Amino acid sequence: MLRFSLFCFSLLTACTAQQEAPPHKEKVIDYDAETSQPDDSTDTSTSTTTHPLLSQSLNDTPLESMLWSAGEVEILLNENTLSGSLQYREWWDDTPNEPSCTATLLLTGNRSDEACDSLFPENDWCYTFELDIDTQEGECIYPSEDTSFTISSPEIVAFVAYSSSHTSDDGSTLSEHFAIGYHSDQGHSYITPNNGWDATTSNLNFTVGEIGQHYPNLYQECGQWSDLTASELWITNDAIEDVLVCGNEEVADLWNLTLEAGDRITASIDTQIDGVELRLGLISPEGCLLGDVWPAAPCSSGHEDCPSLTYQTQIAGNYQLFVTSDWCGDASSISYAIDAQRL
């Protein structure tokens with residue numbers, strides 16, 4: 001993997017993608033209110049717990065996946081124009097040797113020294129460029145402006161520039177400074193490839209990436225999010241008890257509930273463990289995130305806060321609640337009780 005220096009970056013919004021979650025195995029947990037630990041002797045086959053609204057569909061499934069992107073760039077510089085190509089690829093973190101998409105992107109541009117005045121006041125030359133898709137195999141998302149530039153965000157200005165001597169933001173002098181990146185109203189980002197280019201030639205060859213971005217597995221972000229936080233905990237005798245695993249990878253439990261249009265519901269999580277934080281989210285029948293809430297209601301133990309939400313449905317269908325951890329502390333797992341009721 002080519003290593004490069006990332007001088008600065010801006011967080012620009014990228015589209016989201018939904019990836020099918022991996023297979024799972026449901027389990028039964030014996031929830032002990034005093035110790036808040038699962039009983040190791042409990043059968044771990046299929047849950048027999050029933051609830052008027054809730055049924056579990058996924059258990060300890062990865063909440064997010066990482067989508068990576070990278071590419072090899074070839075650029076030919078002429079006196080006033082630029083041309084070239086970007087051999088682009090994307091892959092998910094669990095299949096690094098199996099790209100989910102590949103594409104050939106064509107670069108065209110023009111010399112525009114003034115475009116870099118704010119970034120490289122001492123630039124020897126600067127070209128701005130755009131990209132067009134020539135060929136594509138698979139479904140590309142183009143999540144990062146750092147690897148697909150104007151394909152990812154048409155509103156940005158992509159550039160490639162060179163300065164024989166450049167003063168950086170910290171006052172140090174950089175020699176033979178070459179950069180490729182973009183800038184916009186929200187900021188700018190550029191990288192300085194450390195090999196594969198030569199300031200004395202008009203042919204440039206280098207790699208961009210590898211850049212990784214998180215994407216949710218269980219829902220899409222459709223712009224329907226709202227604050228569903230409730231300050232009251234609703235836990236009844238119908239509550240289901242389960243355990244969420246803690247580890248390096250953030251996981252979630254997924255619970256189904258079938259509702260009618262106009263139903264007003266509550267959903268709450270209760271835990272007896274000190275020093276942990278659970279998060280509760282609601283997903284629409286179309287798979288869109290309607291909201292996720294952090295602890296704001298007193299837990300039944302009285303010494304911690306637990307997440308609780310209220311929502312009135314707009315359409316009928318199968319809604320889903322997900323439970324994930326924001327902070328596990330030293331715990332390897334978190335025992336919790338979940339409940340949902342119509343008001």
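The values are calculated or read from the model by the stated rules, or taken from the named source; none is laboratory data. Because the structure is predicted, anything quoted here is derived from the model rather than measured. Methodologically, a virtual Cβ is constructed for each residue, glycine included, from the backbone with ideal geometry; neighbour enumeration extends over all protein chains shown.
Going through region 304-342 one residue at a time, which ones are outside any strand (DSSP E or B) and under 16 Å from residue 231 (Cβ atoms)? Give the derivation first.
We begin by selecting, within region 304-342, every residue outside any strand (DSSP E or B); these are 304, 307, 313-316, 328-332.
The answer is 304, 307.
I'm told residue 150 meets every condition in (1) within 20 Å of residue 193 (Cα to Cα); (2) crowded, with 20+ Cβ neighbours inside 10 Å; (3) in contact (Cβ under 8 Å) with a residue 40 or more places away in the chain; (4) under 28 Å from the mean Cα position of the chain (by Cα) except one. Can you identify the failing condition by its number? Looking at each condition in turn, residue 150 falls short on (3).
In this structure, does residue 324 turn out to be of a type in the set (Val, Ile, Thr), over 27 Å from residue 215 (Cβ atoms) and touching a residue at least 60 places away in the same chain (Cβ under 8 Å)? So residue 324 fails the test.
When we screen 90, 114, 79, 98 for residues that are in contact (Cβ under 8 Å) with a residue 40 or more places away in the chain and in the same structural domain as residue 150 (by TED's automatic domain parsing), the only hit is 90. From the list 229, 258, 236, the lone residue that is loosely packed, with under 15 Cβ neighbours inside 10 Å, modelled with pLDDT of 90 or more, polar (S, T, N, Q) and under 18 Å from residue 306 (Cα atoms) is 236.
Give, as residue ranges, the strands (runs of 3 or more DSSP E) completely inside region 236-285 that count at least 3 residues that are under 20 Å from residue 60 (Cα atoms) and under 19 Å from the mean Cα position of the chain (by Cα). So that I can check it myself, show each step before the final result.
Numbers: elements: 240-245, 251-259, 264-270, 277-283.
It comes to 251-259, 277-283.
Residues that are surrounded by 15 or more Cβ atoms within 10 Å (Cβ to Cβ) and in contact with an Asp or Glu (Cβ under 7 Å, 6 or more places away or on another chain) do occur in region 92-99, at least one of them.
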